[in-house]
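K.L.:
Below you'll find the structure I mean.
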Amino acid sequence: MKKSSLFRIFVILIISSALTALIVFFVMPEFGKKYKADLIELYSESNSISTFYDLDYDGVSENISFKHDTNKPFVIVKDGISLTIIEQWNFHTGTFGDFGFANFDHDTLQEVYFTYFINDSINLYQIVPIRNSHKKSIFISFTSQHQGEYEYPGTFAGTYDLNDDGFNEIIFTFEAGFTLKPRKIIAWDVKNDTIYSSPFSGTAIFYPDIEDINNDNNLEILGQTRAFDNCENFPYSDSTAWLMVLDDQLNFLFEPVPIGENYSIVTYKPINSQENRNIIALHTSNTKEMSSEILLFSAMGKLISKKPLPADYSYADSWL
């Protein structure tokens, strides 16, 4: 091949590369432009969990990571763009549980809340990044072992001003399996550093729904209960599912109502019925031999009516 031909090919490649670079330059977003993650996106890597969340309302989401890949676990918060470290909190040997974000005092900073387990102890932590490395904790409960292994239940359920004092409480639900306990909902009154807990029970409330169901201007807690049938010697045993509603102090709004048999599920929500506020409950079975039904209760747990349904465990999923 002649040198002139090689030169032409070389020039063509250079021009093509330059055009491609120009197209990318004008199409790509502005370099260094700030972005905010509208949704919390979790990703796991090397025994750690990370997410992005705007903690200081400046339109830029920070990167929050819970690291388990060292002998001493730690939480680290980084700038969402440069990934420079804002703050880091070190812990002794233990295990991080679920986490969530809240602004209990309605100031200019969001707090991070998470459960942390050391052997049989369950603790709840609050950290406030971008503010003097603030960290505080409170003991929640003891857990136990099943076949030599500890179970670490606990799910962040939201933040609500349950006692109407202008400060939000932090809600977690605990749904232990074969270790049996804890099965309860707790509310951390951060302002007064106090824990409220639902009554001792063999049944946990899953997927809590928190709203005023009886028009008394106070919040109640509903959700879903499940009959695992492995906790017979506890009050409100899980040998049956229950209609179980808590008031704003996490006491029972009314005496829980048993529904169904073992391996059944009851999902219940408030519903407007004419001028009344009632509770509609879907009782489903995990086996084809058991019947399912839909039930209507008053806001204080009195059965109004019910209607049988085909036995089908999938009904519950469409309600969540």
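The values are calculated or read from the model by the stated rules, or taken from the named source; none is laboratory data. The shown structure was predicted, so the numbers you read here are calculated from the model rather than taken from an experiment. No Cβ is skipped: glycine too gets one built from the backbone with ideal geometry, and neighbour counts run over all protein chains shown. We work out accessible area using only protein heavy atoms, side chains counted, and drop any ligands, DNA or RNA first. Shrake-Rupley method; radii C 1.70, N 1.55, O 1.52, S 1.80 Å.
K.L.:
So how strong a dipole does region 228-311 carry about its Cα centre when Lys and Arg Cβ are +1 and Asp and Glu Cβ are -1, to the nearest 20 debye?
P.N.:
400
K.L.:
For region 147-220, which trypsin sites (Lys or Arg not before Pro) are both in a DSSP coil and crowded by at most 14 other Cβ atoms within 10 Å?
P.N.:
Of the trypsin sites (Lys or Arg not before Pro), the ones in loops of region 147-220 whose Cβ has at most 14 other Cβ atoms within 10 Å are LYS191.
K.L.:
Region 97-175: D in µm²/s via Stokes-Einstein (Kirkwood Rh, Cα pairs, 10 °C, 1.306 mPa s)? Don't jump to the answer; show the numbers that get you there.
P.N.:
On the way: Rh = 13.6 Å.
Once the numbers are plugged in, D ends up at 117 µm²/s.
K.L.:
For the pair LEU309 and THR194, what calculated FRET efficiency results from E = 1/(1 + (r/R0)^6), where r is the Cβ-Cβ distance and R0 = 30 Å, to the nearest 0.05?
P.N.:
Taking R0 as 30 Å, the efficiency between THR194 and LEU309 is 0.10.
K.L.:
When the Karplus curve 6.51 cos²θ - 1.76 cosθ + 1.60 is applied with θ = phi - 60°, which whole-Hz ³J(HN,Hα) does each residue of region 114-123 get, with x for Gly and Pro?
P.N.:
Per residue, the Karplus-derived 3J(HN,Hα) values read 7, 8, 9, 10, 10, 6, 9, 9, 10, 10 Hz.
K.L.:
With only alpha-carbon pairs counted, each pair once and no self-pairs, how large is the Kirkwood hydrodynamic radius of region 114-244 in angstroms?
P.N.:
One decimal place: 15.8 Å for the Kirkwood radius.
K.L.:
Now, a different point. What accessible area, in Å² to the nearest ten, does a 1.4 Å probe give for GLU151?
P.N.:
Result for GLU151: roughly 50 Å² accessible.
K.L.:
Still on this model: Where the centroid of each part is defined by its Cα atoms, how far is region 193-257 from region 84-153 in Å?
P.N.:
For region 193-257 versus region 84-153, the Cα centre distance is 24 Å.
K.L.:
While we're on this one: Could you please tell me the mean projected area of the C-alpha convex hull for region 179-263, averaged over all directions and given in square nanometres to one decimal?
P.N.:
If you wrap the Cα atoms of region 179-263 in a convex hull and average its projections, you get 6.0 nm².
K.L.:
Right, another one. Please give, to one decimal in nm, the separation of the simple spin-label points placed at ASP56 and ASP216, each 7 Å out from Cα toward the Cβ.
P.N.:
Simple spin-label model gives 4.4 nm for this pair.
K.L.:
At 0.36 nm per residue, and after removing the present C-alpha to C-alpha distance, how many nm does the segment from PHE74 to LEU296 gain when stretched out fully?
P.N.:
Between PHE74 and LEU296, full extension yields 75.1 nm more.
K.L.:
With respect to the cross-link table entries LYS135/LYS184; LYS67/LYS181; LYS67/LYS184; LYS135/LYS191, which display a Cα-Cα separation exceeding 23 Å?
P.N.:
Beyond 23 Å: LYS135/LYS184; LYS67/LYS181; LYS67/LYS184.
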